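Here's the structure we're looking at; comments come further down.
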Amino acid sequence: MLKDKRAVVLGGAGFLGSHLCEALLERGASVVCVDNYLTGKRRNVEPLLERTGFTLIEGDVTDGVEVGGPVDFVLDFASPASPIDYAKLPIETLRVGSHGTENGLKLAEQKKAVFFLASTSEVYGDPTEHPQREEYFGNVNPIGPRSCYDEAKRFAEALTMAFHRARGVDVRIVRIFNTYGPRMRLDDGRVVPAFVAQVLRGEDFTVFGDGKQTRSFCYVRDEVEGILALLQSDYRLPMNVGNPTELTILDFAEAIRKAARKLKLPGAEAKVVHRPFPENDPKQRRPDISKARRILGWEPKVSLEDGLAETLAWFRSHA
Ligand code: UDP
């Protein structure tokens, strides 16, 4: 279904966006990648410039998105996505989730293309329902330190459904849970790159709070498979795509240690140092992926052990 189609990927030079561009090209689609390199990196997509069907445009999607010729899919992956990045760029984050998403929706409307929104588990905030089903409305502090991202994505979902209902734009909405793998920025502040950087440098793991908060980590290859399955489905409501294997941050530190031992990395025996627990940091998170299983026939295949081994090996040779 993707062969000979044309996709515009907003934020295509980011961590997830760049893996998505690559996967679309591999399936025979041509790709127009738009990025202003605010948190993405040109080097993430530079190798793709040699492939036929890949075009790179430097531009800020909040200023408008213009693409000549036919377009079949507009995929909106443009936004700072780590708590540290969006805390530094709160206005840019709100603008890209509102103006940027509207510009992407208008492009999809004009081209009669499918609009695909990268949303997030952050729409559930610090969840009081566990695991999180798509029907859960969430528990978000509208003025807290994470609100610029959470509310931008909640608004982006609302805008996407409004364009669908009022203007007939064909839409998909994926709620992405914690995803990791090669090409994350080691300094983006998220727990995976933070612990990877620490283990490569032989430093202690910085665990925020007591480390008993939970997350569920999905390897990027699995995440992209799920995204492409949703894109090709006809399901028009939000869908969780993530890995339901939940673990505490302390357990996650142990999993990194184990992977580091196998690769004989300097921090294989790293200790844990505790740092203050960030305000509004969700205490638990695990996707209910029954819908993805039932409707897409998708579920993650890569174990944490294998995903971490690939990730550490990649960073060892690239960092
Ligand atoms: N975290 C941590 N140490 C770090 C970075 C993050 O203990 O150096 C914790 C953070 O408090 C959160 C979890 O790890 O509970 C996941 O954080 P991340 O920033 O990766 O993403 P989030 O799921 O919070 O958006």
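Got at least one residue in segment 261-276 being crowded, with 21+ Cβ neighbours inside 10 Å and over 21 Å from the mean Cα position of the chain (by Cα)? Yes.
Taking segment 155-201 as the range and being among the basic types (K, R) and either away from the ligand (no atom under 16 Å from the Cβ) or more than 15 Å from P238 (Cβ to Cβ) (or both) as the test, the residues that pass are R165, R167, R172, R183, R185, R190, R201.
Only residues that are surrounded by fewer than 18 Cβ atoms within 10 Å (Cβ to Cβ) and in contact with a Phe, Trp or Tyr (Cβ under 6 Å, 6 or more places away or on another chain) were counted in segment 197-252, giving 2.
Among the conditions (1) closer than 30 Å to A270 by Cα; (2) assigned to a strand (DSSP E or B), the only one that L186 does not satisfy is (2). Taking L49 as the residue in question, decide whether it is without any contact (Cβ under 8 Å) to a residue 12 or more places away in the chain, assigned to a helix (DSSP H, G or I) and not polar (S, T, N, Q). Answer is yes for this residue. In summary, strands (runs of 3 or more DSSP E) completely within segment 233-279 and bearing 1 or more residues that are within 15 Å of the ligand (Cβ to nearest atom) and more than 22 Å from F208 (Cβ to Cβ) occur at 238-241.
Remark: pairs (first residue in segment 199-225, closer than 18 Å to P127 by Cα; second residue among the basic types (K, R) and crowded, with 20+ Cβ neighbours inside 10 Å; Cβ separation under 6 Å; 6+ apart in sequence or on different chains) = R215/R285; S216/R286. In segment 60-69, what residues are crowded, with 17+ Cβ neighbours inside 10 Å and either touching an Asp or Glu at 6+ places or on another chain (Cβ under 9 Å) or closer than 14 Å to S98 by Cα (or both)? Selection gives D60, V61, T62, V65.
Residues that are closer than 16 Å to T214 by Cα and either polar (S, T, N, Q) or in a helix (DSSP H, G or I) (or both) within segment 280-309 comprise N280, Q284, L304, listed in sequence order.
Readers should treat all values here as calculations from the given coordinates under stated rules, not as data from a laboratory. Bear in mind that the values here come from a model prediction, so they are computed numbers and not experimental data. Because the Cβ atoms are built from the backbone with ideal geometry, glycine has one as well, and the counts that use them run over all protein chains shown.
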